[in-house]
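Here the structure comes first, spelled out in structure tokens, and everything after it is commentary.
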Amino acid sequence: MMELVGNACDSGWHRDEVLAAIAVVVDNLALARREDVAIAVEMRVRRMLKKGDI
């Protein structure tokens, strides 16, 4: 992580910009994972409904 920040700073980014960009990526990944989990749960519930388990 420190190397990433260092490389970005060497390329002209300010440290705050790099950290903000990392935060955006982390937030997007967290949202994507939540969506994946929600989709997986929905699919499982649908399968259970089709089988008559619910």
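The values are calculated or read from the model by the stated rules, or taken from the named source; none is laboratory data. Remember, it's a predicted structure, so these values are computed and weren't measured experimentally. Quick reminder, even Gly has a Cβ in these numbers, built from the backbone with ideal geometry, and neighbours come from all protein chains shown.
Is it true that Glu35 is of a type outside the set (A, V, I, L, M), over 17 Å from the mean Cα position of the chain (by Cα) and in a helix (DSSP H, G or I)? Write out each step before concluding.
Details: of a type outside the set (A, V, I, L, M): yes; over 17 Å from the mean Cα position of the chain (by Cα): no; in a helix (DSSP H, G or I): yes.
Spelling it out, it is not the case that Glu35 is of a type outside the set (A, V, I, L, M), over 17 Å from the mean Cα position of the chain (by Cα) and in a helix (DSSP H, G or I).
Across the stretch 4-17, a minimum of one residue is classified as modelled with pLDDT under 85, out of contact with any strand residue (DSSP E or B) (no Cβ under 8 Å at 6 or more places or on another chain) and not in a loop (DSSP other than H, G, I, E, B).
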